[in-house]
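To keep things clear, I will list the structure first and then write my remarks on it.
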Amino acid sequence: MNNPQAALGADMIELFGLAGAPSEEQERFLDAASEVILAEVMKKIEAGLPEDKREEFFRLFEDSASDEEKTAFFKTYIPNFKDIFTEEIIRFKSEALKRAAGENRIDASAETK
């Protein structure tokens with residue numbers, strides 16, 4: 001299974017101007033970003049699985065199933081997991097950058113008044 005923070009990587013730190021920030025701040029940012037992304041990934045997975053497979057999916061993670069069991073489930077029922085995960089990372093970056101750009105415009109206009 002992919003590690004969300006590893007998938008976000010240094011490019012997220014650079015992209016959001018946190019390269020010079022303390023490592024604790026970088027970690028908090030990556031933790032928060034990971035939570036948002038994983039929540040969206042889970043929504044898409046839930047929406048794409050039949051009810052009985054949703055229950056099985058949650059059971060696998062609640063019962064601490066082996067990595068082999070989880071991998072087999074993903075390959076069988078969510079073969080596009082990597083695509084879903086990648087799409088959500090891209091969407092997160094895009095939305096966050098739009099919000100940041102909007103805040104910068106608001107800040108800049110407030111400074112000129």
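Read-outs: derived from the displayed coordinates by stated rules, not from any lab. Given the structure is predicted, the values throughout are model-derived calculations rather than measurements. Cβ sites come from the backbone with ideal geometry, for glycine too, and all protein chains shown count toward neighbours.
Averaging the sequence gap over all C-alpha pairs within less than 8 Å and six or more residues apart, then dividing by the number of residues, gives the stretch 4-111 a relative contact order of 33 percent. Once the chain from residue 24 to residue 61 is taken as fully extended at 0.36 nm per residue, the excess over their C-alpha distance is 10.5 nm. If you plug the beta carbon distance of residue 43 and residue 14 into 1/(1 + (r/R0)^6) with R0 = 25 Å, you get a FRET efficiency near 0.35.
Scaling the Cα radius of gyration of the stretch 4-111 by the globular reference 2.2 N^0.38 Å produces a ratio of 1.33. Using only side-chain charges placed at the Cβ, +1 for Lys and Arg and -1 for Asp and Glu, the dipole size of the stretch 4-111 relative to its Cα centre rounds to 420 debye. Extension gain for residue 75-residue 54 works out to 6.1 nm (0.36 nm per residue, less the C-alpha to C-alpha distance).
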